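Undergrad: There's a structure below that I have some questions on.
The values are calculated or read from the model by the stated rules, or taken from the named source; none is laboratory data. Note that the coordinates shown come from a computational prediction; the quantities given were computed from them, not determined experimentally. Using ideal geometry, Cβ is built from the backbone for each residue, glycine included, and neighbour counts are taken over all protein chains shown.
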Amino acid sequence: MMILSFSSPFVLFGERLKIIGPKILEVLLIILLGFIFAWVLKLLLRKFLKWIKFDDLCDRLGLSTVLARANVRRSPSDIIRLILYWVVIFGVIILSLSTLNVRVVDELTSSLLLYLPRFFVAVLVFIFGYFLAKFVARAILIALVNAQVKSAKPISLAVHILILILFLTMSIEQLGIAKGVVFVTYAILLGGAVLALALAFGLGGKDMAKNFLEKKAKTTEKSKKKSDEFSHI
Amino acid sequence: MTRGILSKETIKKVKEYSNADIVVGIPSYNNARTIAHVIRAVSAGLAKYFPQYRCVIVNSDGGSKDGTPNIVKDTMVEDFNTILIEHPLYTVNKIITPYHGIPGKGSAFRTIFEIAHRLGAKACAVVDADLRSITPEWIEGLLAPVASHGFDFVAPLYQRHKYDGTITNSIVYPLTRALYGKRIRQPIGGEFGMSGSLISHFLKDERIYNTDVARFGIDIWMTTTAVTNGFKVCQSFLGAKIHDHKDPETDLSSMMVQVVSSVFNLMERYYPVWSRVSDSEAVPEFGFKFEVITEPVRVNLERMVGSFNQGVSDLSSVLEKFLSPDVLRSLRRISNSNILEFKFPKELWVRIIYEFALAYHKSVISRHHILSSLTPVYLGRTASFVNENLDTSPAQVEQEVENLCLEFEEQKPYLLSNFNAS
């Protein structure tokens, strides 16, 4: 009787192992296959990125410079491969865990899976914003320098920062982090800046603005009179 | 080939005239002040030098609001007796048509080419509508080499003010000469003579008219196409070139982008041709050369140097993406110099143009940004050119341009080796 009561937990464990054992094996097998799949994918991606000269493209777009500035020593193609590798591994682990049919794990994986697209969209939005800000700021800088506007550099920098803030806000909004707070902060900041400028020009700098505009008009007229008469073509 | 660029009225007019030996095209846009003179000079030139030919004048207008087409319609030479010994067999007909497509000189030319092609013209010339110095002899100069000597392309040769045509003198002429080996002095002159077969060739690639070729890029495209495709090329002396005055600072940057992008795009296309060329040769010349006193022009040196200095300082983050560190150092050194001693060496200028061409070829950043950032650097070189030639004669200035061309030819291996490497 005593022996029976002593051995019963082992029997129970054995019975449970019989049920759960194949599932654990299944999980391990999926993870193993997943690692192999991720490795093969990484290898294929390496060849593909090399074929499309992805690193050269990143050099041209200035992404390599950004990475160098951030002290990242890996090449852009390496980073992409690494990201894809771990995304696949992450997916495989979630897939393997779902085979266990544990409620908590299921809920966790499903909520994670639902959140993933939002995360990727947020990252994409920010990357797009980063390049757009850079492109627009550079275009404005060149156009203003060609028009000989003295404050070309600060204007283009302001445009750069504004676009970056806009896209950062959009990314955070996409992630769903403190939605209202971010939106309100952004609106207050932007509205405040515009109001401050309006007040500065409208009230504080009324006379200064008047003098500035008068001087500007005179200079334009003067420079028109002094323009070159030769044809460039 | 698409034939949808002509309006129904124009097609009707072309059918009415059936055929022509010579077509003279005049692209216009708000040229009411000068176009009557141009029409009279062209009509007189055709009547005087080509009396036995059937001639048509085509005005291709870009939607003028100052009544330019009406002036063309109403203008005629009142009395040919004062200029003619032999009277023409045919009257000179006129076609006045709007052009379609991207607004610009290139689209206007395309319409003229299309009409010339449909009329089966053996020779065609194009002249600007804002010319104040055109004479009937220009028509002979542009058409006689085609009609009587078997040439396919006639480029103009002008006597210009020593500061005039600086994009031509400092970029387009030396660069095209170094690339393709033909010394065509005014590759973007604006007035050209062409054979019927060259016109047909120009109409073959209709996609080209959707690029900057449709605008200011048309001239260099025509010249380069003629040279690289083995057409017989010559140049003809026309005398002084004086335009109707317009503010040349008006969008210099976009004009520059259009012209230089066309040159650089043609470099891509004709790499197999120019990579084999190592020196240059003169092309046959027509016309009697004579000295002309050109109008004095005003130059604002201070503004040009100011633009250069600002460009070097503010655009350093852009320029450092494709200019070598030693070139950037030289630019910074120049930008600190006194305006009266401002000097931009030709060796540095040539190197900069080649590095811009390479950056454009490799698309280091947006191609438009690369070309737009050239404007302040160009103004610096122009200011230096003006500074160095304040008291020189036109002949000495011409020698300066020649020296610059030789520098372009000397540094060509640098361009070639780096073009290859990409």
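Undergrad: In the list A:Val136, A:Val123, which residue meets the criterion of being touching a residue at least 40 places away in the same chain (Cβ under 8 Å) and either facing chain B (nearest Cβ under 9 Å) or among the aliphatic types (A, V, I, L, M) (or both)?
TA: The unique qualifying residue is A:Val123.
Undergrad: Out of (1) surrounded by fewer than 12 Cβ atoms within 10 Å (Cβ to Cβ); (2) modelled with pLDDT under 85, the odd one out for A:Ala193 is which?
TA: So the condition that A:Ala193 fails would be (1).
Undergrad: Got a number for residues in region B:264-301 being in contact with a strand residue (DSSP E or B) (Cβ under 6 Å, 6 or more places away or on another chain), within 30 Å of B:Leu340 (Cα to Cα) and outside any loop (DSSP other than H, G, I, E, B)?
TA: 0
Undergrad: Show me the helices (runs of 4 or more DSSP H) entirely contained within region B:331-422 in which 2 or more residues are at pLDDT below 95 and away from chain A (no Cβ under 14 Å).
TA: B:374-388, B:394-410, B:412-421
Undergrad: Out of B:Ile95, B:Ile139, which single residue is out of contact with any Ser or Thr (no Cβ under 7 Å at 6 or more places or on another chain), at pLDDT 90 or above and buried (at least 19 other Cβ atoms within 10 Å of the Cβ)?
TA: Criteria check complete, one pass: B:Ile139.
Undergrad: Residue under question is A:Ile31, and the condition is that it be more than 14 Å from every other protein chain (Cβ to nearest Cβ) and closer than 24 Å to A:Lys134 by Cα; does it hold? Write out each step before concluding.
TA: Numbers: more than 14 Å from every other protein chain (Cβ to nearest Cβ): yes; closer than 24 Å to A:Lys134 by Cα: no.
Against the criterion (more than 14 Å from every other protein chain (Cβ to nearest Cβ) and closer than 24 Å to A:Lys134 by Cα), A:Ile31 does not qualify.
Undergrad: Now for a different question. Among the residues of region B:138-151, is any in contact with a Cys (Cβ under 7 Å, 6 or more places away or on another chain) and either over 30 Å from B:Tyr378 (Cβ atoms) or not small (Gly, Ala, Ser) (or both)? Give the derivation first.
TA: Residues of region B:138-151 in contact with a Cys (Cβ under 7 Å, 6 or more places away or on another chain): B:145, B:151.
After this cut, where a residue has to be either over 30 Å from B:Tyr378 (Cβ atoms) or not small (Gly, Ala, Ser) (or both) as well, the list is B:145, B:151.
Yes.
Undergrad: Could you tell me whether any residue of region B:323-334 is within 28 Å of the chain's Cα centre (by Cα), buried (at least 20 other Cβ atoms within 10 Å of the Cβ) and over 18 Å from B:Met255 (Cα atoms)?
TA: So far as region B:323-334 goes, yes, one or more of its residues are within 28 Å of the chain's Cα centre (by Cα), buried (at least 20 other Cβ atoms within 10 Å of the Cβ) and over 18 Å from B:Met255 (Cα atoms).
Undergrad: Moving on to the next point. For B:Phe290, state whether it is surrounded by 15 or more Cβ atoms within 10 Å (Cβ to Cβ), under 26 Å from the mean Cα position of the chain (by Cα) and on the phi < 0 side of the Ramachandran plot.
TA: Judged against the criteria, B:Phe290 is not a match.
Undergrad: Within region B:264-297, restricting attention to residues that are among the aromatic types (Phe, Trp, Tyr) and touching a Gly at 6+ places or on another chain (Cβ under 9 Å), which residue is farthest from B:Tyr180 (Cα to Cα)? Don't jump to the end; show me each part of the working.
TA: Filtering region B:264-297 for residues among the aromatic types (Phe, Trp, Tyr) gives B:264, B:270-271, B:274, B:286, B:288, B:290.
Applying the additional criterion that residues be touching a Gly at 6+ places or on another chain (Cβ under 9 Å) yields B:274, B:286, B:290.
On the way: B:Trp274: 5, B:Phe286: 21, B:Phe290: 28 Å.
Selected residue: B:Phe290.
Undergrad: Could you tell me which of the residues B:Ser261, B:Ser254 is assigned to a helix (DSSP H, G or I) and touching a residue at least 24 places away in the same chain (Cβ under 8 Å)?
TA: From the options B:Ser261, B:Ser254, the qualifying one is B:Ser261.
Undergrad: Next question. Any chance you could count how many residues in region B:18-28 are within 17 Å of the chain's Cα centre (by Cα) and assigned to a loop (DSSP other than H, G, I, E, B)?
TA: 0
Undergrad: Quick check on my filter: what residues within region A:160-184 are surrounded by 14 or more Cβ atoms within 10 Å (Cβ to Cβ), away from chain B (no Cβ under 14 Å) and without any contact (Cβ under 8 Å) to a residue 40 or more places away in the chain?
TA: A:Leu162, A:Ile163, A:Leu164, A:Ile165, A:Leu166, A:Thr169, A:Glu173, A:Val182
Undergrad: When the residues of region B:203-238 are filtered to those that are within 12 Å of B:Tyr180 (Cβ to Cβ) and crowded, with 17+ Cβ neighbours inside 10 Å, which remaining residue is nearest to the other protein chains (Cβ to nearest Cβ)?
TA: B:Ile220
Undergrad: Looking only at residues that are within 29 Å of A:Ile83 (Cα to Cα) and aromatic (Phe, Trp, Tyr) in region A:7-53, which one is surrounded by the fewest Cβ atoms within 10 Å (Cβ to Cβ)?
TA: Residue satisfying both the conditions and the ranking: A:Trp51.
Undergrad: Identify, please: which residue in region B:144-199 is within 17 Å of B:Gly45 (Cβ to Cβ), over 14 Å from the mean Cα position of the chain (by Cα) and surrounded by 24 or more Cβ atoms within 10 Å (Cβ to Cβ) and is, among those, nearest to the other protein chains (Cβ to nearest Cβ)?
TA: B:Met194
Undergrad: Still on this model: Looking only at residues that are closer than 19 Å to B:Asp130 by Cβ and among the β-branched types (Val, Ile, Thr) in region B:1-44, which one is surrounded by the fewest Cβ atoms within 10 Å (Cβ to Cβ)?
TA: By that ranking, first place goes to B:Thr34.
Undergrad: So A:Ile127 ticks every box in (1) assigned to a helix (DSSP H, G or I); (2) aliphatic (A, V, I, L, M); (3) surrounded by 14 or more Cβ atoms within 10 Å (Cβ to Cβ) but one. Which box is left unticked?
TA: Looking at each condition in turn, A:Ile127 falls short on (3).
Undergrad: Which one of A:Phe90, A:Phe119 is of a type in the set (Phe, Trp, Tyr), under 24 Å from the mean Cα position of the chain (by Cα) and closer than 29 Å to A:Leu166 by Cα?
TA: Only one candidate passes the filter, namely A:Phe119.
Undergrad: Continuing with the same structure: Residues that are within 25 Å of B:Arg40 (Cα to Cα): find the helices (runs of 4 or more DSSP H) completely inside region B:112-216 holding 3 or more of those.
TA: The helices (runs of 4 or more DSSP H) meeting that bar are B:136-149.
Undergrad: Is it the case, given these coordinates, that B:Gly239 is outside any loop (DSSP other than H, G, I, E, B) and touching a Cys at 6+ places or on another chain (Cβ under 8 Å)? Walk me through it before giving the result.
TA: Working: outside any loop (DSSP other than H, G, I, E, B): yes; touching a Cys at 6+ places or on another chain (Cβ under 8 Å): no.
So B:Gly239 does not fit the description; no.
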